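Here the structure is laid out as structure tokens; the discussion comes afterwards.
The values are calculated or read from the model by the stated rules, or taken from the named source; none is laboratory data. Keep in mind the model is a prediction, meaning the values are calculated, not measured. Cβ coordinates were reconstructed from backbone atoms using ideal geometry, including for glycine residues, and neighbour counts include every protein chain displayed.
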Amino acid sequence: MNAALERELDLAEAADLARNGDYATAITVLERSSADDPARLDLLARVYAQSGDLDKADEAWAEVLQIRPGDSAAEAGRRVIAKVRSGRLRRRPIRRYLLAAGAVVLIGAAATAGVLTIRPTPAVTTAKPDDGLKQELDRLHSAESSNAKTRQDHRAELEKLARRLTKPGVTAKAEEDAVAITFEKGLFNPNATTPNQQGREALDQWAEVLKGQPVAVTVIGHGVPVAGGPASGGSTVSLTRAASAARILAEASGLPLTTFAISSADQSTSVHADPEANRTVTLQVRPT
């Protein structure tokens, strides 16, 4: 499982636990995730606040602001905590403010004076969730679950596409948003911008797997750095190689030429250590 998907699943799990009042387990799940993730820290702050631990909630929101200065939710949460601590907020105004700010804390009213005080909670425990937090966590849980499911489905689609695009002499690998295609052998002779016979055959044979596929393809030309030439920024030779390969792939696959975009790799990007094999193109194939 990749890191982004694991993060989404942790947030969804923690939101679900907190929504059901199991704050201790929710905090355990959140603390095992990436320390510098603002979304994780924001949810952690809200779970701490709801459990009554305003000090740790304030610390978590402060961390959010270190990573993402000006974050409105974190600033709002810290303002609310400051007002609760000072006793300047009464129950109704606090409740409305917290819900609007997306940060909910448990508060209690003094029995006789009607002045708000913080419920002493020395340790995080399982408790009945506040209605306001439940609504907020329901929203977050739904969003995180939907995002995680979307990422899972997209990853599965890319892996399925990679299997369809694999042929002898060609490696297909599902990456974050596309399938990367690498030819094992070089396709061009030195300084040439059209494939050699072996390269033309490799492109023609691989293009068979593209027939009828609903995809968009970026063709990236590669080359070997030339002494005295530009050290970065791509090259005309590499870009022309990409254009030549795109025309061959369009013709052999029957897909319109508009299916193919072209680009030049930076001179520092090497597909293979062998210069001969690095006179090639790579592809990024995305489902449409």
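Worth a mention:
- Residue list for segment 152-180, filter: buried (at least 19 other Cβ atoms within 10 Å of the Cβ) and touching a helix residue (DSSP H, G or I) at 6+ places or on another chain (Cβ under 6 Å): Leu165, Ala172, Ala174, Val179
- The condition of being crowded, with 21+ Cβ neighbours inside 10 Å, closer than 24 Å to Thr288 by Cβ and not acidic (Asp, Glu) holds for Gly221.
- In segment 139-151, residue farthest from Pro214 (Cα to Cα) [restricted to those that are buried (at least 18 other Cβ atoms within 10 Å of the Cβ) and at pLDDT 70 or above]: Ala148
- Every residue from segment 263-288 that is modelled with pLDDT of 95 or more and of a type in the set (A, V, I, L, M, F, W, C): Val281, Leu283, Val285
- Within segment 168-186, the set of residues being modelled with pLDDT of 95 or more and under 13 Å from Gly221 (Cα atoms) comprises Ile181, Thr182, Phe183.
- Among the candidates Ala178, Ala162, residue that is of a type in the set (A, V, I, L, M) and in contact (Cβ under 8 Å) with a residue 24 or more places away in the chain: Ala178
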